[in-house]
Structures are given as structure tokens and as C-alpha cells.
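The values are calculated or read from the model by the stated rules, or taken from the named source; none is laboratory data. Worth saying up front: this structure is predicted, and the values here are computed from it rather than measured. Backbone-built Cβ (ideal geometry, glycine too); neighbour counts: all protein chains shown. Heavy atoms of the whole protein, side chains included, go into the accessibility calculation; ligands, DNA and RNA do not. Shrake-Rupley method; radii C 1.70, N 1.55, O 1.52, S 1.80 Å.
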Amino acid sequence: MSGAPDFPLVRHLSAASDPYRDPVARIRWEALSLEDYWLPREALSLFGLAQFDALDEATQRRLSHYEFLGVIRAGVWFEGLFMARLAQRLRRPLPLTRHLYLLRELREEAGHSLMFLTLMEKSGLVLPDRQRLLPRGAEWLGRWLPVDGPLFWLAVLIGEDVPDKLNRYVRQQPEGAVNPAIRDICLMHIIDEARHVAFARRTIEAGISDMRPASRRLVAPILSRLLRIMAEAVFFPRAELYELAGLRPGRRWQAAARLNPRRREFVQRLLGPTVRLLQGYGFNVRLGLGGTAAASASRQA
């Protein structure tokens with residue numbers, strides 16, 4: 001595996017993942033309730049708009065339920081694709097230490113998806129369609145980028161880091177701001193993703209050490225596009241989710257969210273560290289949520 005992290009780091013990350021913590025068994029499912037917010041009001045896509053303030057609190061809470069379901073739907077999509085690629089890689093020879101670590105990471109990603117799907121099942125809500133979540137270009141890149149190459153792990157870093165920033169924001173809120181079971185889900189995801197991000201970062205750093213400036217300039221637009229796709233999947237719900245929350249027509253609410261300056265500022269603030277991390281690797285990455293996100297609203301609805 002070219003550009004692989006050092007064995008001491010891999011052994012350390014493997015040791016930190018044992019004993020395995022089954023996330024489904026560690027969630028306070030009995031506390032799950034539709035009477036609580038699942039995301040803080042400030043983390044909702046319509047927060048800051050007069051139309052949002054005019055909604056009754058029950059509708060605002062229901063929107064928080066569906067926006068969180070939208071986040072975990074993106075997680076199920078990303079982790080399913082990532083697990084498929086890891087499983088393919090494990091069919092070919094690997095040093096034993098790395099083989100063991102990647103199996104542990106595969107186990108943890110499977111646990112996350114099981115946790116997310118269990119939440120969907122226990123929610124009692126009408127569920128959104130989980131198919132065709134992201135543009136086909138992102139799906140194609142995820143399926144065909146070489147797993148041993150740095151670009152694949154840059155994509156993994158983006159896929160892990162974007163929802164992690166929202167999870168950490170939720171965990172920073174005071175007790176009672178969101179439902180306890182949702183707080184547990186965010187915490188379990190954070191714990192494992194810290195190791196996954198560390199592995200991805202070290203793999204990237206080893207793989208790009210000899211990358212020429214011209215190659216970095218060519219890669220930067222791809223990374224910007226992937227970052228924007230993941231940010232939109234996590235932070236800008238599709239029209240379907242607004243309609244399930246009782247806000248119709250969904251396209252109108254979707255467009256309002258994409259043009260909401262408070263939302264764009266919130267996303268830019270949360271993902272600023274991600275952008276700076278990628279720029280620190282020498283890639284001129286830009287998030288660019290403004291006009292691009294708004295212009296694509298009708299196409300994605």
C-alpha cells in the first residue's frame with residue numbers, strides 16, 4: 001500500500017479501537033423522543049429567516065428530526081461506499097498490521113451504519129428515499145479512485161470530516177438542547193471518526209510528499225467539488241425532507257435555505273478548519289456555497 005502510514009501509528013490506532021464498542025448497544029434508545037429537538041435550532045437550515053420564526057415550535061422540532069435524518073442518510077451513503085472499497089482492497093495482499101487496522105475500521109463503519117439505520121427504524125417517522133443521494137460524479141469518483149492513492153484518502157477525509165464538524169457542534173450544546181439519544185449517536189460517531197481521520201491524514205501526508213505543484217493545482221478543483229457536494233448533502237436538505245416535515249412546496253423552502261445568509265455563514269464557520277487543512281496540504285480548495293448552491297436547488301429538488 002503505497003503512501004501508507006507508519007506501522008507504529010497503525011498499531012496505536014488498532015489498539016485504541018479495542019475492545020470494540022458496539023454503538024447500537026451504547027445509545028439510550030429509551031430516551032428517543034419526537035418531543036425533543038434532534039438538532040439545535042441554530043443548526044437548522046432555515047434558522048435566521050422570518051419564515052422559520054413564523055413556524056410553530058412543533059413544526060420546527062419536526063424539521064430538526066428530518067434534517068438529522070438527512071445527515072445520517074448522507075452518512076449511510078458515504079460509509080456504504082467506503083466499506084465496499086475497503087472490502088475490495090482487503091482481497092489483495094496487505095501487511096498484517098494494516099490488514100488488521102482496516103478490518104477494525106470496516107467493523108466500526110458497519111457499526112455506524114447499523115446505528116443510523118436503527119435510528120431510522122425506531123424514529124417512527126416516514127423515511128426519506130435513501131437512493132440517489134449524491135450526484136453520480138461523486139459516486140463514480142468514490143468507486144474508481146485507487147484505494148492506495150492519496151486522492152482516495154483525501155476524499156475519505158472530506159467524507160469523514162464534514163459530518164464530524166456537525167457532530168461536534170451538537171455535542172458542544174448544553175444538556176437538554178437536543179435529545180439524549182441523538183447526543184449519544186453524535187458522540188459514538190466522533191470517537192471512532194477521530195481514529196479514521198488520523199489514519200486518512202497520515203496516509204495523505206505520506207502519499208503527497210512527492211506531488212508536484214502542477215499536480216496539486218489539477219487536484220484542487222476535484223477536492224473543492226467533493227467538499228461542496230458533501231457540504232450540501234449534510235447542510236442543505238433536499239426538497240423531499242422539507243415536504244416530509246410538512247413544509248410545502250419543498251422546493252421553495254429548499255431555495256430559501258440555500259439563499260439563507262445565516263446558513264451559509266454557519267456552514268463556512270464549521271467547515272473553515274476543513275478548508276484550511278486541505279489548503280495546508282498545498283491544495284487551493286474553496287468551499288463556494290453561495291451562488292453555486294442556490295443555482296443548483298431546482299436541479300436537485
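Please give, to one decimal in nm, the separation of the simple spin-label points placed at Leu9 and Glu240, each 7 Å out from Cα toward the Cβ.
Label at Leu9, label at Glu240, 3.8 nm between them.
What are the ³J(HN,Hα) values, in whole Hz, obtained from phi via the Karplus relation 6.51 cos²θ - 1.76 cosθ + 1.60 with θ = phi - 60°, for each residue of region 82-97 in sequence order, with x given for Gly and Pro?
Couplings: 5, 5, 4, 5, 4, 4, 4, 5, 6, 7, 10, x, 9, x, 4, 4 Hz.
For Ala194 and Ala50, calculate 0.36 nm times their separation in residues minus their Cα-Cα distance, and state this gained length in nm to one decimal.
48.1 nm
Once neighbouring chains are kept in place and the probe is 1.4 Å, which whole percent of the accessible area of region 19-281 is contributed by carbon and sulfur?
Of the solvent-accessible surface of region 19-281, carbon and sulfur hold 54 percent.
Tell me, how many Å apart are the Cα centres for region 1-68 and for region 84-103?
Centre-to-centre distance over Cα atoms comes out at 28 Å.
Between Ala214 and Gln88, what is 0.36 nm times their sequence separation minus the Cα-Cα distance? Round to one decimal in nm.
Here the segment from Ala214 to Gln88 would lengthen by 42.3 nm.
Per residue, how many Å² of accessible area does the chain show with a 1.4 Å probe?
Computed with neighbouring chains in place, this is 44 Å² per residue.
Could you work out the mean projected area of the convex hull around the alpha carbons of the chain, in square nanometres to one decimal?
Projected area, direction-averaged: 15.1 nm².
How much mean residue ellipticity at 222 nm does the chain get from its helices, if each DSSP H run of length 4 or more adds -39500 (n - 2.57) and you divide by all residues, to the nearest 500 deg cm²/dmol?
It comes out at -22000 deg cm²/dmol, rounded to the nearest 500.
If you build a Gaussian network model of the chain, linking Cα atoms that sit under 10 Å apart, which residue out of Leu259, Leu100, Leu287 swings the most?
Leu100
For region 243-248, take each phi angle, set θ = phi - 60°, evaluate the Karplus expression 6.51 cos²θ - 1.76 cosθ + 1.60, and give the result in whole Hz per residue in order, putting x for glycine and proline.
Once θ is set to phi - 60°, the couplings for region 243-248 become 5, 5, 7, x, 9, 10 Hz.
Would you kindly state the longest site-free stretch of the chain, with sites defined as trypsin sites (Lys or Arg not before Pro) in a DSSP loop (not H, G, I, E, B) surrounded by at most 16 other Cβ atoms within 10 Å?
133-285
Which one, Leu106, Leu151, Leu86, has the greatest fluctuation when you compute a Gaussian network model over the chain with C-alpha springs under 10 angstrom?
Of Leu106, Leu151, Leu86, the most mobile in the Gaussian network model is Leu86.
Which ³J(HN,Hα) values, rounded to whole Hz and listed in residue order, are derived for region 168-183 from phi using the Karplus coefficients 6.51, -1.76 and 1.60 in 6.51 cos²θ - 1.76 cosθ + 1.60 with θ = phi - 60°, glycine and proline given as x?
With the stated coefficients, region 168-183 comes to 5, 4, 4, 5, 7, 6, x, 4, x, 6, 9, 4, x, 5, 5, 4 Hz.
State which stretch of the chain is the longest one without any exposed GluC sites (Glu not before Pro), exposure meaning a DSSP loop state and at most 10 other Cβ atoms within 10 Å.
With a cap of 10 other Cβ atoms within 10 Å, the longest stretch comes to 36-174.
Which loop chymotrypsin sites (Phe, Trp or Tyr not before Pro) in region 193-271, with loop taken from DSSP, have no more than 12 other Cβ atoms within 10 angstrom of their Cβ?
none
For a quick check of understanding: with a 1.4 angstrom probe and all protein chains in place, what accessible area in square angstrom does Ser215 have, to the nearest ten?
Accessible surface of Ser215 is approximately 50 Å².
Taking 0.36 nm per intervening residue step and subtracting the Cα-Cα distance, what contour gain separates Lys122 from Arg252 on full extension?
This chain segment gains 43.8 nm when fully extended.
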